[in-house]
1. Among residues belonging to the stretch 99-109 that are under 15 Å from the mean Cα position of the chain (by Cα) and closer than 19 Å to D82 by Cβ, point out the one that is least open to solvent (accessible area, probe 1.4 Å).
2. So for the stretch 76-92 (the condition being among the hydrophobic types (A, V, I, L, M, F, W, C), part of a strand (DSSP E or B) and modelled with pLDDT of 95 or more), does at least one residue qualify?
3. Of all residues in the stretch 114-123, which are assigned to a strand (DSSP E or B) and within 14 Å of the chain's Cα centre (by Cα)?
4. Answer yes if at least one residue in the stretch 60-75 is more than 19 Å from I4 (Cα to Cα) and either in a helix (DSSP H, G or I) or hydrophobic (A, V, I, L, M, F, W, C) (or both), and no otherwise.
5. For the stretch 106-113, does any single residue satisfy the condition of being at positive phi, at pLDDT 95 or above and in a loop (DSSP other than H, G, I, E, B)?
6. Which residue, of K72, K111, K78, K92, is basic (K, R) and in contact (Cβ under 8 Å) with a residue 60 or more places away in the chain?
7. Quick one: which of K78, K72 is among the basic types (K, R), within 14 Å of K111 (Cα to Cα), touching a Lys or Arg at 6+ places or on another chain (Cβ under 9 Å) and open to solvent by 30 Å² or more (accessible area, probe 1.4 Å)?
8. Within the stretch 67-123, track down each residue that is of a type in the set (S, T, Y) and farther than 30 Å from G23 by Cβ.
Amino acid sequence: MKQISTNKAPAAIGPYSQAIVSGNILFCSGQIPLDPETGVIPDGVEAQAEQALTNVKNLIESAGGKIDNVVKTTVFIKNMDDFGKINEIYAKYFTEPFPARSCVEVARLPKDVLLEVEAIVEL
């Protein structure tokens, strides 16, 4: 296993890695919508989706991968009513064939953000 770490995505805030490479697979920890440079969390679900997905993209690229090679994502959202808005932003980052995906409504997320995104990528 190889640990991946970049300052272009939020630093780990606990005992975990930003991402791990095992063989030719990259496992990205959940990315919250925290701007890694400023520490700011944007307002609104659309802006938070943009930031979280940008963090995922930056993490993938720091490992030498491409967002086009994402095979699976999991999206944790605070309110399922935001599903449509999140899908609109998500569709800007992924093209057909779209990655497999799970989307789950949760009671609470770190720093009380509105969503978190994790990804599995073939390198």
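1. Pass one, the stretch 99-109, residues under 15 Å from the mean Cα position of the chain (by Cα): 99-104, 109.
Filter once more, keeping what is closer than 19 Å to D82 by Cβ: 101-104, 109.
Working: R101: 83, S102: 45, C103: 41, V104: 62, L109: 16 Å².
The selected residue is L109.
2. Step one: filter the stretch 76-92 for residues among the hydrophobic types (A, V, I, L, M, F, W, C), giving 76-77, 80, 83, 86, 89, 91.
With the extra rule that they be part of a strand (DSSP E or B), the set shrinks to 76-77.
Going one step further and asking which of them are modelled with pLDDT of 95 or more, we end up with 76-77.
Yes, the stretch 76-92 contains a residue that is among the hydrophobic types (A, V, I, L, M, F, W, C), part of a strand (DSSP E or B) and modelled with pLDDT of 95 or more.
3. Step one: list which residues in the stretch 114-123 are assigned to a strand (DSSP E or B), which gives 115-122.
Of everything in the stretch 114-123, those that are assigned to a strand (DSSP E or B) and within 14 Å of the chain's Cα centre (by Cα) turn out to be L115, E116, V117, E118, A119, I120, V121.
4. Yes, the stretch 60-75 contains at least one residue that is more than 19 Å from I4 (Cα to Cα) and either in a helix (DSSP H, G or I) or hydrophobic (A, V, I, L, M, F, W, C) (or both).
5. Here is the first cut: in the stretch 106-113, the residues at positive phi are 111-112.
Now drop any that are not at pLDDT 95 or above, which leaves 111-112.
From the residues that got through so far, the ones that are in a loop (DSSP other than H, G, I, E, B) too are none.
There is no residue in the stretch 106-113 that is at positive phi, at pLDDT 95 or above and in a loop (DSSP other than H, G, I, E, B).
6. Details: K72 fails: in contact (Cβ under 8 Å) with a residue 60 or more places away in the chain; K78 fails: in contact (Cβ under 8 Å) with a residue 60 or more places away in the chain; K92 fails: in contact (Cβ under 8 Å) with a residue 60 or more places away in the chain.
Selected residue: K111, the only one of K72, K111, K78, K92 that is basic (K, R) and in contact (Cβ under 8 Å) with a residue 60 or more places away in the chain.
7. Details: K72 fails: within 14 Å of K111 (Cα to Cα).
Sole residue among the options that is among the basic types (K, R), within 14 Å of K111 (Cα to Cα), touching a Lys or Arg at 6+ places or on another chain (Cβ under 9 Å) and open to solvent by 30 Å² or more (accessible area, probe 1.4 Å): K78.
8. Keep residues of the stretch 67-123 that are of a type in the set (S, T, Y), which gives 73-74, 90, 93, 95, 102.
Passing the criteria: none in range.
The values are calculated or read from the model by the stated rules, or taken from the named source; none is laboratory data. Quick caveat: nothing in here was measured; it's all calculated off a predicted structure. FYI the Cβ positions are ideal-geometry reconstructions off the backbone, even for glycines, and counts take in every protein chain you see. Quick note on the areas: whole protein, heavy atoms, side chains included, nothing else; ligands and nucleic acids left out. Shrake-Rupley method; radii C 1.70, N 1.55, O 1.52, S 1.80 Å.
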